[in-house]
Structure formats: C-alpha cells, structure tokens
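K.L.:
My structure is below; once you've seen it, I'll send some questions.
The values are calculated or read from the model by the stated rules, or taken from the named source; none is laboratory data. For clarity, every value in this text was computed on a predicted model and none was experimentally measured. Don't worry about glycine lacking a Cβ; one is built from the backbone with ideal geometry, like all the others, and counts go over all protein chains shown. The area values use the complete protein model at the heavy-atom level, side chains included, leaving out ligands, DNA and RNA. Shrake-Rupley method; radii C 1.70, N 1.55, O 1.52, S 1.80 Å.
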Amino acid sequence: MNMQRIQTLEGNHNLENYEDTYKNFNWDEVKDAFSWSHTGKVNIAYEAIDRHAENPDKADQPALIFSSPDRQEQLTFTDLKQASNQFANVLKKHEIQKGDRVFLFMPRSPEFYAAFLGILKVGAIAGPLFEAFMEQAVRDRLEDSEATMLITTKDLLERVPVDDLPNLKQIVLIDGDGEGFISYEEEMKEASKSFDIEWVDLEDGMLLHYTSGSTGKPKGVYHVHNAMLQHYQTGRWVLDLQEGDQYWCTADPGWVTGTSYGIFAPWLNGVTNVVRGGRFSPDDWYETLQNHGITVWYSAPTAFRKLMSAGEALVKNYDLSNLRHILSVGEPLNPEVIAWGMDAFHLRVHDTWWMTETGAQVVCNFPSLDMKPGSMGKPIPGVEASIIDNEGSELPPNQMGNLAVKAGWPSMMRAIWKRPEKYESYFLNGWYISGDSAYRDEEGYFWFQGRLDDVINTSGERVGPFEVESKLIEHKAVAEAGVIGKPDPERGEIVKAFITLNDGYEQSDELLEDIRQFVKRGLSAHAAPREIEVKDKIPKTRSGKIMRRLLKSWELGLPTGDTSTLEE
Ligand code: 6R9
C-alpha cells in the first residue's frame, strides 16, 4: 500500500468536490436547514430534537440508543422531545432562567441527555463535567461558573463541597431523594410532556466547557447557539452522515467531542446516535460496533492504539461489515494507526483537528479527498486556517509556525468565562492562535508538529514529540509512548521517551538499545531518544491526550500543577 497518499473513497459523499466547495461556499446557504431561518427565533435543542419529532417520517426513529453492561434503552425523537420537555418543566418549576449555569456531574445515561437538552430548552447554559472528577476539580468549576444548580447522582455527591459553594442553591439527584434535594424521578413523573421553549438569540449562551491549560486553573470556554451551523455542516461534510446511519461517537460529554459530536452533529442531522456507557475494553467495543451495526464511528488515537495492541486476530471475530466511515480526534493520528485501520477494517481512519475553543471541526480529512497519512487534512469550507509567525503574518508552505484560524467562524468560542483579557490574548491580527505548531505543504495539507510548549530543542534541532512517538510505536515491542525534552547542559535538551511494552516483552538493555536504533534508522540521530524509561502506564487526560507536561514534571521533580483531567 502506498502510505504517502491514500486515494479518495468510492461512493456518494455529502461533499463531492472539496476545492470547488471551498471556493464558493457561504454560511448563509446552511441557514435554510433550520427552522429559525423562517421564524427568526432559535434554540439548538429544538433544531436537534423537536424539529425531527414534528416530522412524521422521523418522529418514531430511534434518536438515542443507550447501551451499557447493565442497561439497554432506546428513545425515539418523540421520546427525547418529551423527556427533555419534562426536565425543562422541572427546571422552570425551580426557577431556572435564561443564562443560568446548570451543571451536570454524572455518567452517561438517557437521563443525562434528557437533562442536558432540558437545560438548553429553558435557555440556560449547560456545564457537563466528567464523572471521574474529584472534589477539587468539581469545586473549581462550580465556583468559577457560579452555577446555581447541579444535577448529579447519590454516589458522586460526596465529591461536591455543597456547603462551600454559596451560589449553588439546588441539587437534583438522579437516583434517589433526600432532605433538601430535588428528586429527578419524582419530579419527572409529575412534569408535563409539553413545554414552551425559550426562544433565544443566535448569540445567546448554551454551553460552558472547562478545559485545562498548561498552568493555572481550568478555564471556562463559552459557546453560543450559533455554533449549530458548524455542528450541522461538519456532520454532513466530515462525518458524512446520511439517512439511516447508525453513528457512534465514543467521547464522554465532559469533553467537547462528546457534546459537539456526541450530541449536536448527529441529532442536527437527524441520525441515530449510539451511546455506550461503561469502561473501555476491546471486546466490548468491537461488540458495540457489530451489535448496533455502526456505520460511522468517531473515536480517538488512544483508543485506536489500544485496539491495535489487542491484536488483529480479535477483529476477525466480529462482523463489522456495516462500518463505512471512521474518524479520529484529540491527538495526532499516527500513520501506524492508519495502516492498521486499512488492514483491520479496510477503511481509512480520517483525522480531524479542532479544539474546545473552536467548538467544531476545522482542519479535516474528507471522504472525497485523498489522504496523506500523518497530515490532519485541509480546512473545512467556510473557515480559513493558516500558519502564521509570532507577528501575525502568514508563512509560506513548509514553514513551521502557529496553527491559526481566521476569527469569525460560526462555532468560535465567544468568551472565556469572566476573563476577558485571557480571551483577547488568543487573538493576533484577526487570527485565533491555537497554541499548536504545524506547517502547510504545497498542496494545502496541514501537518501537526506539537503543542508549542511540547516542542523539543536538542542541540539546536527542533524535534516534534509526536513524530518520535509515532516511530516508537512502530517497533513491535512498544505499545504506547510519551516523549519529552529533558534539560541537558550540553544539548539544551535531550529527547527522553517513556514507553509501555506490549505483552510478551521484557525490559532489557538490549531491547531498549534496539528501540533506540529503530528510531535512529527511521527518523534521524537527533530524534532518537537518549533515554528510554519503561512504565506501566503513560499518563493521559480523559480525552486521551498524552500529558507530556506531567511526564516532564515527574522527570524534573516539579509540582504537577492542575491534574484534574488526568485519567485514573
Ligand atoms: C477536540 C479536542 C485540543 C488540542 C489541540 C491539539 C490536540 C486535537 C488533534 C490534535 C493533532 C489532531 N489535537 N485534535 N492534535 N491532531 N487531529 O481535542 O479539543 O480537548 O480542547 O484539545 O488537542 O493539541 O490544540 P481539546
């Protein structure tokens, strides 16, 4: 197989001609897809759910298929419309109003989705939190957002410093009641299934996602209803969603992927959304793909690498013949994973680049576009991305610089909660500066190099940790790798690799030297790690990003900073 370039996929795609569309597309064209183009009034929850429930062809189609080891449930668009109406009525009864922050701290469940949509229907702002957060992480987010209501479960309640949060006035318990708490079940039983939606402005808030920076407290990234334009349109072009699809996005809604693409994109496109609860295991994941006849699957490199290391023999036990389209986000997608995808599924894995701050996909691979493994692809039509220098000028092809997006795309964050100066600091000359470094080749494909703070400088040579990690995992003994720059008096920094080994391999000096030589032969002498340390686990965020910052703090014996997003 020619891994330099993988040809366009056969079949009918929503985006047939990338270059033409890029030249001619205008966001005004999309507005007709939504009811607010006629009424002038908007609510993203209406467009995602109620609009389909009012369509006789769609009303009884499954919107949500929930599946976890101990629970299987299916809700049609009508069911979900009614359940979210009921919850909106509960919120109204307890005087939640437009603009209030209502947070959700609970595992994925049908109740989560009903509550989330209910929050939007009253015009309030939803704040989803990972269920694995410990007390400090919960406290930081509720304090900063001044949330007045929290929806949670009995088990998780012990991690909520209830008495210490003056703004938090009400708590809804999903699985029980208690003195001073609102019982979800009790109130839902009594609530009406019809509700007068709070119609808001396109620029009104709907979502607050907290995300960790490299230093300091997590920041609240604020999104508005207008984002639906890009959620919807990337659902068509990039996810290539089509009538009859069974779509599975593996992300938790505590991460922006789990809201933009685990809620909005599929439902705005009227597609059945499969949600799997419970923990990751290769067998369960393949079973989910098979048993639900998944056609479009959106996941992350960390999961693909785990499946890859579980072996190709396992895939062969499952019938995955419905699978048509696979996508990845969150971290650079190693070419090795793409090669595995071609073998295991006979499909390309499409990389997509975007951030909490961009709200939706920006640089992507499209089914109708040739793919270059290792490249993130090209900007979506209607959005301009570029490589710019530190003064804000665009750089010519093949020069590494700041990956930047021209301000004003539909799903752009509209604020960092309560920190206007922080928000302003992201913009330069009308560009949003992502904090990632990349270059663009002559054909317009973007190539990720690293977080700017991760780039290693060894004896004056710049080394992107991703490149070294990708080479390391091509070695048969290596399962996962995290690479950092370790300060060195002579070289400025040296490349240090942390790795985990595949089953059946034992650490030895010979093996580590073999791995080092493998990177040297495959990349270059200066990129070959001078130190390799074998670990049981590589620290990662809950969204699967290797926490190089943490590896570095461990290495240097420094304080570890904000680790609230660290996976257990
Ligand atoms: C959606 C999401 C954003 C950061 C981003 C970059 C990394 C995401 C990537 C990627 C290389 C890709 N990232 N997608 N790096 N290739 N396809 O992940 O949002 O959690 O805010 O992270 O993730 O470093 O700047 P978020």
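K.L.:
Cα centroid distance between segment 202-273 and segment 14-78, in Å?
P.N.:
12 Å
K.L.:
Count of lysine pairs in segment 49-188 with Cα atoms under 20 Å apart, counting only pairs 8 or more residues apart in sequence or on different chains?
P.N.:
Lysine pairs meeting the criterion: 12.
K.L.:
Could you sort E513, E47 by their accessible area in this structure, using a 1.4 Å probe and putting the largest first? Write down the numbers at each step before the final one.
P.N.:
Values: E513 85, E47 0 Å².
I get E513, E47, largest accessible area first.
K.L.:
If you don't mind, another one. Classify segment 285-393 from the C-alpha gyration tensor, please: rounded if a/c falls under 1.5, else prolate or oblate depending on whether a/b exceeds b/c.
P.N.:
The shape class here is prolate.
K.L.:
Which percent of the accessible heavy-atom area of segment 95-194 goes to carbon and sulfur, probe 1.4 angstrom?
P.N.:
With neighbouring chains kept in place, the figure for segment 95-194 is 41 percent.
K.L.:
Would you please give the FRET efficiency between F181 and K520, computed as 1/(1 + (r/R0)^6) with r the Cβ-Cβ distance and R0 = 51 Å, to the nearest 0.05?
P.N.:
It comes to 0.25.
K.L.:
Follow-up question, since we're still on this one. Keeping every protein chain present and rolling a 1.4 Å probe, give me the accessible area per residue for segment 301-380 in Å².
P.N.:
Accessible area per residue, segment 301-380: 25 Å².
K.L.:
Could you give the length gained on full extension between K406 and E391, defined as 0.36 nm per residue of separation minus the Cα-Cα distance, in nm?
P.N.:
3.9 nm
K.L.:
Compute the long axis of helix 228-237 from its Cα atoms, compare it with the longest principal axis of the Cα atoms of the chain, and write down the angle in degrees, 0 to 90, nearest 10.
P.N.:
The two axes meet at around 50 degrees.
K.L.:
Here is a follow-up. Got the relative contact order for segment 38-128 handy, in percent, Cα pairs under 8 Å and 6 or more residues apart?
P.N.:
This gives 29 percent for segment 38-128.
K.L.:
Hey, another quick one. For the chain, what is the mean residue ellipticity at 222 nm derived from helices alone (per DSSP H run of n ≥ 4: -39500 (n - 2.57); sum divided by total residues; nearest 500 deg cm²/dmol)? The partial results should precede the final answer.
P.N.:
Numbers: 17 runs with 146 residues, N = 568.
Mean residue ellipticity at 222 nm (helix-derived): -7000 deg cm²/dmol.
K.L.:
Here is a follow-up. So for the pair M342, K98, with labels modelled 7 Å out along Cα→Cβ, what separation do we get in nm?
P.N.:
5.4 nm
K.L.:
Here is a further query. Scan segment 220-325 for GluC sites (Glu not before Pro) in coil per DSSP, keeping those whose Cβ has at most 13 other Cβ atoms within 10 Å, and list them by number.
P.N.:
E243
K.L.:
Round to a whole number: what % of the accessible area of segment 455-556 belongs to carbon and sulfur, probe 1.4 Å?
P.N.:
Numbers: 2030 of 4700 Å².
Carbon with sulfur: 43 percent of the solvent-accessible area.
K.L.:
May I ask you to evaluate 6.51 cos²θ - 1.76 cosθ + 1.60, the Karplus curve with θ = phi - 60°, for each residue of segment 408-420 and list the ³J(HN,Hα) values in order in whole Hz, giving x for glycine and proline?
P.N.:
x, 5, x, 9, 4, 4, 9, 5, 9, 3, 6, 9, x
K.L.:
Can you pull the one-decimal nm distance between simple spin-label points at N457 and A59, each 7 Å off the Cα toward Cβ?
P.N.:
Those two pseudo-labels are separated by 6.5 nm.
K.L.:
Now a separate question. Relative contact order of segment 77-224: what whole-number percent is it, with Cα pairs under 8 angstrom and at least 6 residues apart? Can you show the working numbers first?
P.N.:
On the way: 260 pairs, mean separation 38.7, N = 148.
That works out to 26 percent.
K.L.:
Which FRET efficiency value, to the nearest 0.05, is calculated for S192 and E243 with the Förster distance at 51 angstrom and r the Cβ-Cβ distance? Before the final figure, lay out the partial values.
P.N.:
On the way: r = 32 Å, r/R0 = 0.63.
According to the calculation, E is roughly 0.95.
K.L.:
What full-extension length gain, to one decimal in nm, is calculated for K537 and N167 as 0.36 nm per residue of separation minus the Cα-Cα distance?
P.N.:
Values: separation 370, 0.36 × 370 = 133.20 nm, distance 3.89 nm.
Between K537 and N167, full extension yields 129.3 nm more.
K.L.:
Follow-up. Counting Lys and Arg as +1 and Asp and Glu as -1, what is the net charge of the other residues whose Cβ lies under 14 Å from the Cβ of P128?
P.N.:
It works out to a net charge of +1.
K.L.:
Classify segment 455-556: rounded, prolate or oblate, from the alpha-carbon gyration tensor (a ≥ b ≥ c, eigenvalue square roots; a/c under 1.5 rounded; otherwise prolate if a/b is larger than b/c)?
P.N.:
Oblate.
K.L.:
Taking θ as phi - 60°, what are the ³J(HN,Hα) couplings along segment 189-195 by the Karplus curve (6.51, -1.76, 1.60), each to the nearest whole Hz, with x for Gly and Pro?
P.N.:
Karplus-based 3J(HN,Hα) across segment 189-195 equals 4, 8, 6, 6, 8, 10, 8 Hz.
K.L.:
Pull out the extension gain between E443 and K23, defined as 0.36 nm times the separation in residues minus the alpha carbon to alpha carbon distance; nm, one decimal.
P.N.:
149.7 nm
K.L.:
Same structure, new question: By accessible area of protein heavy atoms, probe 1.4 Å, what ranking do L395, L550 get, highest first?
P.N.:
Greatest to least solvent exposure: L395, L550.
K.L.:
May I pose another question? For segment 77-224, what is the accessible area per residue in Å², given a 1.4 Å probe and the full set of protein chains? Show your work: numbers first, answer last.
P.N.:
On the way: 5790 Å² over 148 residues.
Heavy-atom accessible area per residue stands at 39 Å².
K.L.:
Can you count the Lys pairs in segment 455-556 whose Cα atoms are under 16 Å apart, with each pair 8 or more apart or on different chains?
P.N.:
Pairs that pass both the separation and distance tests number 13.
K.L.:
Quick one: ranking S375, S393 by accessible area, 1.4 Å probe, largest first, what do you get?
P.N.:
Greatest to least solvent exposure: S393, S375.
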